[in-house]
Amino acid sequence: MEPGLRTYVVKRLGFAVLMLLGVSIILFTIMRLAPGGPEAVLIGGEFSQEAAAQIRQRLGLDRPLALQYLGWAGAALRGDLGRSFKTGDPVAALILDRLGPTVQLTAGALVLALVVAVPLGVLAAVRRGTIWDTLGSAVSLFGVSFPSFWLGIMLILLFSEVFHVLPPSGLSEYGRESDLPARVRHAILPTLTLGLIQMASFMRFTRSSLLEALRQDYVRTARAKGLGGGRVVWRHALRNALIPVVTVVGLSLPTLVGGAVLTETVFAWPGIGRLAVGAVFERDYPVIMGVNLMVAAIVITANLLTDLAYCVIDPRISYR
Amino acid sequence: MTAPARPERPSALGRLTRNRRSLIGGVAVVIMIAAGGLAPALAPQGYSAQSLLHRLQPPSAAHWLGTDGFGRDVLSRVIWGSRVSLEIGFVATALSLVVGTAVGSIAGYFGGTADTVIMRAADVFLSIPALFLILIVVALFGASLANTALVIALVTWAPVGRVVRSECLSLRNRDFVHAAQALGASHARILGRHLLLNALPIVIVQASLLLGQTILIESGLSYLGLGARPPLPSWGNMVVEGRQFLASAWWVATFPGLAIFVTVLGFNLFGDGLRDASDPTLRGRSS
């Protein structure tokens, strides 16, 4: 690795750690500043002040805010995210348990979105002003305008209620958890929902990026030396046009994971999103912190990798 | 005598109405805003008028969009529901624009440390999945209009800030800015008079696109049960209520969602058209 790149990587890693710290402080402060606390949820119904105080003491919520944070952060650094207020289970185990379905859902949606969006974006750019271009902009406009939960429900209406071809919710049927075809059938609608929403920005970006690339001198040179249209597009323009698309894929991760919250709720999909929603309603602070921190860590790492990939793919980009 | 006709460039407004996309979008938006504003006069019934004898009636002449599980008129509730969505949409967008524009122009104009600090802060906010943060704040602090709008603004200012920043970065080296600086204009004057005024078209485009986005976020929140409290209708909570009748009464969940879709699509179309009209060189290069 050349020295310039090494400094850049070290610098970016430093920023990534600082950002994670920032995220955790913001989240911790917001949660503890909120009125009310977990005691109301934990006891349920009427309760005395003493009982509430007792619970707060047991959970360590009576200590000064800064001390609570330092205690949490110290443990988190050692890999201990605490235990759920509600169930007493270790937070890390809860998250690991739910990580698989969410990764499956988001990865599937990402692949689906790319597989449709990139070729469509290429067509829209190459056949600019034709029906393909119109179709492309329709897809991208509709994609950013659909409420994902409603799109999901409409897909359920169509495929489960009208045609009865796909199951409306869940990860698999009871007792048939290892049945692969059944699991695939359950995954189709949620993946489709999340993927359709995501397609829009990828397709827009591929199109505008390729249009930009087609205007470059090296494309004119390639054309001038007599290369065929297809070869120019695929070999010369697209390879360069896909560089910024890589960044957009990285930047879309927060949206994708955020979208998973609603998609998982609509389809009763046992992932991180539903874990987060449940924890928020039950004021299960350690679970909220754990889930959000892990999601932020994944997103920050992905952005870091994207930036690094960018440097490696495109030698013109200088790293500062 | 009239002045000789000069070959005139069509005005921005002229280009805007000639752009079919922005025209369709604008019409959709105006209809939805009018529906919200005139709800008491327009809605055939009150939003909570129940009639248990007429539960889950399909669309008919009496109830154009059918009735829901309490026998309430879906059309009336869709019309009333636009108020909640648009209110939060407008307030959140206004907040987000003010913060994003202020912060972005300062970062772009002054550069240096201010720029680094502000953009890193923006990075932090961009790396928390927005919906997670909104969910936490609204669930813990309560789903009031102010809370919801404030937290939506909190997660949407960063992209606005970035756009305004890059616009100001390119504007600050233009001749007219250097001229103003040479004449001894204050930073505040240059920022307000020269940078922001020139960045205004971009900000307006952002406003339109942001309105669509905030309405989507609000509807997602009310879908999760963190929006308007029933019986007050919001498009999001109507879709949730309709979900349970999906098999027998498709219209209950379908129409409120369609209203969200049409409104958001309207704002997006309008914003796109606006971008083309305000700066023809940007046409087809939207990201």
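Before moving on, here are some points about what is shown:
- Leading residue by the ranking (farthest from B:Gly25 (Cα to Cα)) among those in segment B:258-267 that are within 7 Å of chain A (Cβ to nearest Cβ) and crowded, with 24+ Cβ neighbours inside 10 Å: B:Ile260
- Here is the figure for segment A:229-242: residues that are within 14 Å of another protein chain (Cβ to nearest Cβ) and more than 19 Å from A:Leu120 (Cβ to Cβ) total 0.
- Subset tally (residues that are more than 25 Å from B:Arg120 (Cβ to Cβ) and in a helix (DSSP H, G or I)) for segment B:154-186: 8
- Taking the criterion of being aliphatic (A, V, I, L, M) and either within 13 Å of A:Gly250 (Cα to Cα) or surrounded by 24 or more Cβ atoms within 10 Å (Cβ to Cβ) (or both), the residues of segment A:266-279 that qualify are A:Val266, A:Ile272, A:Leu275, A:Ala276, A:Ala279.
- Annotation note: of B:Gly225, B:Gly271, the sole residue that is out of contact with any Phe, Trp or Tyr (no Cβ under 6 Å at 6 or more places or on another chain) and surrounded by fewer than 18 Cβ atoms within 10 Å (Cβ to Cβ) is B:Gly225.
- First in segment A:200-221 and over 12 Å from A:Ala124 (Cβ atoms), second anywhere and among the polar types (S, T, N, Q) and buried (at least 21 other Cβ atoms within 10 Å of the Cβ), Cβ under 6 Å, 6 or more apart: A:Ala200/A:Ser140
- The single residue among A:Arg128, A:Arg98 that is in contact with a Pro (Cβ under 7 Å, 6 or more places away or on another chain) and of a type outside the set (S, T, N, Q) turns out to be A:Arg98.
- Selection over segment A:188-228 of residues that are within 13 Å of another protein chain (Cβ to nearest Cβ) and over 30 Å from A:Pro167 (Cα atoms) gives a count of 12.
- Taken over segment B:114-156, the criterion of being surrounded by fewer than 20 Cβ atoms within 10 Å (Cβ to Cβ), more than 10 Å from every other protein chain (Cβ to nearest Cβ) and closer than 15 Å to A:Asn303 by Cβ is satisfied by B:Met119 alone.
- The set of residues in segment B:46-77 that are surrounded by 24 or more Cβ atoms within 10 Å (Cβ to Cβ) and outside any loop (DSSP other than H, G, I, E, B) comprises B:Thr67, B:Asp73, B:Val74, B:Arg77.
- Evaluation of A:Gly22 against (1) within 14 Å of another protein chain (Cβ to nearest Cβ); (2) in contact (Cβ under 8 Å) with a residue 24 or more places away in the chain (one fails), failing number: (2)
- In segment B:175-212, the residue that is nearest to B:Ser22 (Cα to Cα) out of those that are modelled with pLDDT of 85 or more, surrounded by 21 or more Cβ atoms within 10 Å (Cβ to Cβ) and not aliphatic (A, V, I, L, M) is B:Ser208.
- Among helices (runs of 4 or more DSSP H) entirely within segment B:187-287, having at least 3 residues that are hydroxyl-bearing (Ser, Thr, Tyr) and farther than 30 Å from A:Pro244 by Cα singles out B:197-223.
- Test for A:Arg83: is it under 20 Å from the mean Cα position of the chain (by Cα), surrounded by 17 or more Cβ atoms within 10 Å (Cβ to Cβ) and either modelled with pLDDT under 90 or among the charged types (D, E, K, R) (or both): no
- Qualifying position, being more than 11 Å from every other protein chain (Cβ to nearest Cβ), in contact with a Pro (Cβ under 9 Å, 6 or more places away or on another chain) and within 28 Å of A:Arg83 (Cβ to Cβ), among A:Gly271, A:Gly258: A:Gly271
The values are calculated or read from the model by the stated rules, or taken from the named source; none is laboratory data. The shown structure was predicted, so the numbers you read here are calculated from the model rather than taken from an experiment. Cβ sites come from the backbone with ideal geometry, for glycine too, and all protein chains shown count toward neighbours.
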